[in-house]
Structure formats: C-alpha cells, structure tokens
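Trainee: My structure is below; once you've seen it, I'll send some questions.
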Amino acid sequence: MLTSCLRRQAASVVRESQTRSTLMSATVSFEVTSPLGPQAVTLSYARVGRGEPLLLLHGIGHHRQAWDPVVDILATEREVIAVDLPGFGASPSLPGGLPHDLPTMSAALGALCEALDLDRPHVAGNSLGGLLALEMGRAKLVRSVTALSPAGFWTQAERRYAFAVLLGMRRIAERLPLPLVERLSRSAAGRTALTSTIYARPGRRSPEAVVAETLALAGATGFTETLRAGATVRFTDDVPGVPVTVAWGARDRLLIPRQGVRAKRTIPRARLVRLPGCGHVPMNDDPALVARVLLDGSR
C-alpha cells in the first residue's frame, strides 16, 4: 500500500516537474521486436535547443531531470533530447516479454532514435545510462559517446557493493513518508542525508529536485528488473570507430574512480577525464565542467 501510494506521488511530482522545466516534454510510442513478436514501448522525453542532436540517458533509479543543471548550457549548441528510461521517471516499464537487459534496452533506444528521426545522434549517459551509451556506440547507433561514471567496469566485489547501496537507497526512499522527505529537503543537512551517496555537493540540489528524485526512486517500476539484469553485466569490448569520452567524478562513492582506469584499458582510444569535486551524478556538482565535457565529447 505504501509503495503504491509513493508511486502515485512520484508520478504526480514528475509530471509537475516536467511542466515547470520545459514545454517540450512529450511521449513517443514505437515497436521493439521480441520472442513474442513486436511489442509497443512508450517513453517520456524532453526536447529543447538547436544543433546536432544529443541524447541524454540517466542512471538507475533516477529520471531525466537529473540532467536539468546542464540542459540550458547544452541547448545553446545542441538539440538536447533527455529521456526517461523504461520503468523510470514518467516512462512505463517494458511490456511483458521484454527483459530490462542491456541488449533489449539498447534496441529500444535505437528504435527511439528512429521514431524521433534522430540520425545517429551524439549520446551521453550517467551510470546505467553511461553503460547504455557505450553499448549504443558499440552497435554504431550514435556519432559519439560521453559516459559519466558508466556501469560495467566493476569487479564482482565492487558490483555487489554498488548494488547493496542502491538497494538500501531504494528501501529508504520507499519507506520515507512524503512530509518527512519535504521537511528534510528544506535544509542542506537534510539534502545531504538524502542524496550524499550520489552527489559530492548535495547542498546545491534544490529542495524540489530532491523531493522529486526521492519519489522517482521509490516509484521506479523498472528498478528491480533492471538491477537483476545487471548482475552479470561487464563491459569488455572496445568501441572502435566512434569517439568516446569517459569521465569520472573524483569523489564518486558508488562506482569508485579506479573503474575509470579499467574503462580506459578496455577502450584504449577513449579520452579519460577526471571531474574534480564531483560525485557519482556530477551534473549537479559542477554543471559548467560537465557541460563542457559533454560538448567537447560531441564535437
């Protein structure tokens, strides 16, 4: 009952946030093949700016508003398309017969690009989104890849630690009453308690954004299936023929920075960038730096 209530609250907050943040938010439906035949997938997205297209992919348990701190900067040079991944934010989970695994998610994003008439866009992703961005690059679906603390370069011990932290965050988000979340979000100390695992500078996140993303985590219908599908994932292939930038927050507490070194070994031609003072979700910690890295990576 509590989880169902939180999911309704999360959907409401996300819709309100979308209305405030941009008038260009929309949904798109398209078909993805499956063993049971074509399946209809619907995704929510926001589209703003002009220039070469740049697709933005968020991490597990988050929503597309994670990119809000950098969207206005990016939109001065790029047409920015920020997407709620299946089962997160305002996007429903994948239909029955479609697992939330890496090949299926990559295929769905490729179909999304076709549906939105995006001819090999640039793509940037954070965490899970960074892994998906690299997979799209490996499949030659995009012009360039910028991956911020991408998943998939962990040891088994590091993966177990990250998954345990994520599950703990999810359980806390599910159990916190909305009035308490709102009260905590009003102070820097409260925002630190709620979000310091992913932000190095949680006090910079607005109270409204903290409430929205806490409820989005609690109400993410794709969380469990996506986490389960990631248990055996490791990114071990090069990404030839596509410019790749891998950037890692120096204060990432979820996927520790030494994983960036492994990413560079796996993708030798990738540009490896250190993000000083940034945590796992660096867009809020240093918007100007992250926007510059994304724009340089998509030149």
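Trainee: Only residues in the stretch 105-120 that are of a type in the set (S, T, Y) and at pLDDT below 95 count as the first member; pair them with residues that are crowded, with 17+ Cβ neighbours inside 10 Å and in a loop (DSSP other than H, G, I, E, B), Cβ under 9 angstrom, at least 6 apart or cross-chain, and list the lot.
Mentor: From the stretch 105-120, the pairs are S106/L141.
Trainee: Another one. If I filter the stretch 59-71 for residues that are in contact with a Gly (Cβ under 7 Å, 6 or more places away or on another chain) and surrounded by fewer than 18 Cβ atoms within 10 Å (Cβ to Cβ), do I get at least one hit?
Mentor: no
Trainee: Would you pick out the residues in the stretch 115-168 that are surrounded by fewer than 24 Cβ atoms within 10 Å (Cβ to Cβ) and polar (S, T, N, Q)?
Mentor: Within the stretch 115-168, S144, T155, Q156 qualify.
Trainee: Wholly within the stretch 226-299, which helices (runs of 4 or more DSSP H) include no fewer than the required count, namely at least 2 residues that are out of contact with any strand residue (DSSP E or B) (no Cβ under 9 Å at 6 or more places or on another chain) and within 26 Å of V80 (Cβ to Cβ)?
Mentor: In the stretch 226-299, the matching helices (runs of 4 or more DSSP H) lie at 287-297.
Trainee: Further question on the same structure: Give just the number: which of (1) assigned to a loop (DSSP other than H, G, I, E, B); (2) in contact with a helix residue (DSSP H, G or I) (Cβ under 6 Å, 6 or more places away or on another chain) does A82 not satisfy?
Mentor: It fails just one condition, (1).
Trainee: When you scan the stretch 50-61, how many residues do you find that are within 10 Å of G129 (Cα to Cα) and assigned to a loop (DSSP other than H, G, I, E, B)?
Mentor: Qualifying residue count for the region: 3.
Trainee: Specify the residue that is farthest from the chain's Cα centre (by Cα); the eligible residues are those in the stretch 183-201 that are crowded, with 22+ Cβ neighbours inside 10 Å and part of a loop (DSSP other than H, G, I, E, B).
Mentor: The selected residue is A200.
Trainee: Hey, any hits in the stretch 202-224 for a residue that's under 24 Å from Q156 (Cα atoms), of a type outside the set (G, A, S) and surrounded by fewer than 17 Cβ atoms within 10 Å (Cβ to Cβ)?
Mentor: Yes.
Trainee: Can you tell me which of P86, P99, P38 is of a type outside the set (A, V, I, L, M, F, W, C) and farther than 24 Å from A218 by Cα?
Mentor: Within the list P86, P99, P38, the selection yields P38.
The values are calculated or read from the model by the stated rules, or taken from the named source; none is laboratory data. Just so it is clear, the structure is predicted and the values come from calculations on it, not from any experiment. Note that we place each Cβ from the backbone using ideal geometry, even for glycine, and neighbour counts take in every protein chain shown.
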